[in-house]
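Engineer: Got a structure for you, questions after.
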Amino acid sequence: MCRVKQQIRIAAICVLMTGCGQANEPAAPANSAPRPDFSGMWSDPPTTAVDDFCFMTCTDEGIARLNALLDDPANDSRPYPELSREAVRYQREESIRPRLTPETAKAFPLDPADDPGFLRCEPWGFARQIFAPHQLEVRQNDDRIEMRYAEWDGRRTIYLNGGGPASQPPSPMGYSVGRYEGDALVVETSAVTANLAGIFPAWFHHGNQLRAVERYTRSADGSRLELTATLEDPQSLRQPLQFRKAWGWAPEEQIFPYTNCERPTEIKKAGTRP
Amino acid sequence: MTLRHTLLVAVLLFAPYRAATAHHAFSPVYDGSKTVTIVGTLTNFRLVNPHAMMTVDVVDKAGKHVAWTVEMPGLLSLTRHGWTEKTVSVGDKLTISGNPTHTGSARVAFKRIVLPSGKEMLDPGEESDNTIEQQRRDRARQRQQK
């Protein structure tokens, strides 16, 4: 009882003196909670059917279709590549195409012979680069996050806490602002110049009003980095389109120089669409 | 045609869009439905990104020397599967199988190679396919046992 009285007295004195403990410290900023840690090197996840299917992005409908095919006893004698191709076709025609505007759907999927990255060694824009396979190196700072991709040695900055320039002129990689939401990093990107979205074989032209929301989370065991990216673009999409992608924790890997892109000396156009 | 050859053709015909060709699709240049095999002497090997390259001196039926280009996956994919710059050396006699170009030019997309030691190196994409195919069979077997 005496102890309780003593604690009350101390508390009262503290209030009067406004100098005890944390009572008078500045209010903790909203983002002072431990931020989720994504820093380090990520790369292609261990080989599984779903991760192979999602190697160049995928949709939830595509994954569901692949799993349904794998679980159907009628397919027990069909090799995986055949099932994967069927799921790719389904994803392209039933998941992606219905979300495209009529104009965009006409040219979908694009002929791989028209890929500017292939024809002219032109680095990918934002809506392809964020789904790039192989390594992704993440560096988290207080005011920004730097992401570096092995493919094309692509780099981007994500500004945090309202930092960064007030506005940014349109560019291939756009302007990205981010925030932490619990265990997730949420990134909103705009100011992306018209370019290509997605990666072969399910890719299309997007306009200059593309907006994207990326949500990155880390698996409970820390071994995977999961991305869901929702794209909106009035020129190419009738409704939002969500892609998925995953990386595996790969601290031993490094990003190698990407300096030997060679333009093709011979190509076959048309008829090579998937 | 042996069973092994039949299986090889089946795998090549139905191979999905392969991870190893992430930089761009191979279909505008190479015919994925066909395979060719060349035997020649290595004159150059560059283990680089986005695609490693070999040049192989092949003597054709008329006795003429033809420089073949072998396009391979990138540095990362190959090193992950055991390749180093010392895996092959200039002067090595190599047997290489892969997809020919649509035009029939002296160029091939690597699928497998037999080194002078007899060791066979596969396209990383083909190795992944084999892994997943085994997983598929395991999954089907487990379902059948329930």
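Engineer: Of the peptides A:35-44, A:49-58, how do they stack up when ordered by the mean number of other Cβ atoms within 10 Å, highest first?
Structural biologist: A:49-58, A:35-44
Engineer: So how do B:136, B:143, A:144 line up by other beta-carbon neighbours within 10 Å, fewest first?
Structural biologist: In increasing order of surrounding Cβ atoms, one gets B:143, A:144, B:136.
Engineer: For residue A:110, which sequence-distant residues (separation of 5 or more, or a different chain) have an amide H within less than 5 Å of its own amide H, given hydrogens modelled in the peptide plane?
Structural biologist: The list, which skips near neighbours in sequence, is A:203.
Engineer: Still on this structure, I have one more. Can you pull the mean other chain C-beta count within 10 Å for peptide A:73-84?
Structural biologist: Numbers: counts 3, 0, 2, 7, 2, 3, 10, 13, 12, 5, 5, 7.
Whole-number average of other-chain Cβ neighbours for A:73-84 is 6.
Engineer: Mind ranking B:84-96, B:64-76 by how tightly packed they are, going by the mean number of other C-beta atoms within 10 angstrom, highest first? Can you show the working numbers first?
Structural biologist: Numbers: B:84-96: 14.2, B:64-76: 19.1.
Going by the mean number of other Cβ atoms within 10 Å, highest first, we get B:64-76, B:84-96.
Engineer: Turning to a different aspect of this structure: What helices in chain A pass both tests, a Cα length along the helix axis of 20 Å or more and a mean Kyte hydropathy of -0.5 or higher, using whole DSSP H runs?
Structural biologist: A:2-17
Engineer: Let me know the mean shielding of B:129-140 by other chains, meaning the per-residue number of their Cβ atoms within 10 Å of its Cβ.
Structural biologist: Working: counts 6, 2, 6, 13, 5, 1, 6, 11, 4, 0, 6, 8.
The per-residue average across the peptide is 6.
Engineer: So what is the calculated 222 nm ellipticity per residue for the protein assembly as shown, using -39500 (n - 2.57) for each DSSP H run with n of 4 or more, over all residues, to the nearest 500 deg cm²/dmol?
Structural biologist: Value at 222 nm, helices only: -6500 deg cm²/dmol.
Engineer: Moving to a separate point now. From Cα pairs below 8 angstrom and at least 6 apart in sequence, can you work out the relative contact order of chain A, rounded to a whole percent? Before the final figure, lay out each step's value.
Structural biologist: Details: 489 pairs, mean separation 62.1, N = 274.
After rounding, I find 23 percent.
Engineer: What ranking of A:245, B:61 emerges when the number of other C-beta atoms within 10 Å of each C-beta is taken as an exposure proxy, fewest first?
Structural biologist: Final ranking by Cβ density, sparse to dense: B:61, A:245.
Engineer: Per-residue mean of other chain beta-carbon atoms within 10 angstrom of the beta-carbon, peptide A:43-56?
Structural biologist: Mean inter-chain Cβ contacts per residue within 10 Å come to 4.
Values quoted throughout were computed directly from the atomic coordinates according to the rules given, and no laboratory measurement underlies them. No experiment lies behind these values; they were computed from the predicted model shown. Please note: Cβ atoms are built from the backbone with ideal geometry, for glycine as well, and neighbour counts cover all protein chains shown.
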